[in-house]
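This report concerns only the one structure given below.
The values are calculated or read from the model by the stated rules, or taken from the named source; none is laboratory data. Small disclaimer: the values here were computed from a predicted structure and weren't measured. Don't worry about glycine lacking a Cβ; one is built from the backbone with ideal geometry, like all the others, and counts go over all protein chains shown.
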Amino acid sequence: MTTTLGTAEESVATLIERANRMHGETVASWTYELTADVDNIGVAVSDTAKTLRVNPCWLRFVLASGDFTVCVADEIEAWYLIQALTQGI
């Protein structure tokens, strides 16, 4: 695997910046955390932030395999979709 952790983290940081701009997040903006506490990826939500929690080994793997968008970036969009669907109930 040739993708370094630094390169992987840069990709997530760029994704987070883009998501905050695109969705106009100000109060509860997106942050990220690289952690082995999740197997792959997860989302933790509080009053002040939405945190994308990503396993660094898995992140390097999906970047190297070209699956970053479908495995990581789409996780944020899925969160917004789920929120829209559940708030309409």
Filter result (farther than 21 Å from Arg21 by Cβ and among the aromatic types (Phe, Trp, Tyr)) within the stretch 34-77: Trp58, Phe61
Any chance Val70 is modelled with pLDDT under 90, loosely packed, with under 13 Cβ neighbours inside 10 Å and among the aliphatic types (A, V, I, L, M): yes
Qualifying residues in the stretch 4-58 (those that are without any contact (Cβ under 8 Å) to a residue 12 or more places away in the chain and basic (Lys, Arg)) - the one surrounded by the fewest Cβ atoms within 10 Å (Cβ to Cβ): Arg21
Qualifying positions in the stretch 50-72 - in contact with a Leu (Cβ under 9 Å, 6 or more places away or on another chain), of a type in the set (A, V, I, L, M) and in a helix (DSSP H, G or I): Leu59, Val72
Residue count, the stretch 73-85 (criterion: among the β-branched types (Val, Ile, Thr) and either surrounded by fewer than 16 Cβ atoms within 10 Å (Cβ to Cβ) or not in a helix (DSSP H, G or I) (or both)): 1
Flag for Asp47 being at pLDDT 90 or above, out of contact with any Gly (no Cβ under 6 Å at 6 or more places or on another chain) and not in a helix (DSSP H, G or I): no
Positions within the stretch 58-72 being of a type outside the set (Val, Ile, Thr) and farther than 19 Å from Ala44 by Cα, in sequence order: Arg60, Phe61, Leu63, Ala64, Ser65, Gly66, Asp67, Phe68
Condition check for Thr14: within 11 Å of the chain's Cα centre (by Cα), hydroxyl-bearing (Ser, Thr, Tyr) and part of a strand (DSSP E or B): no
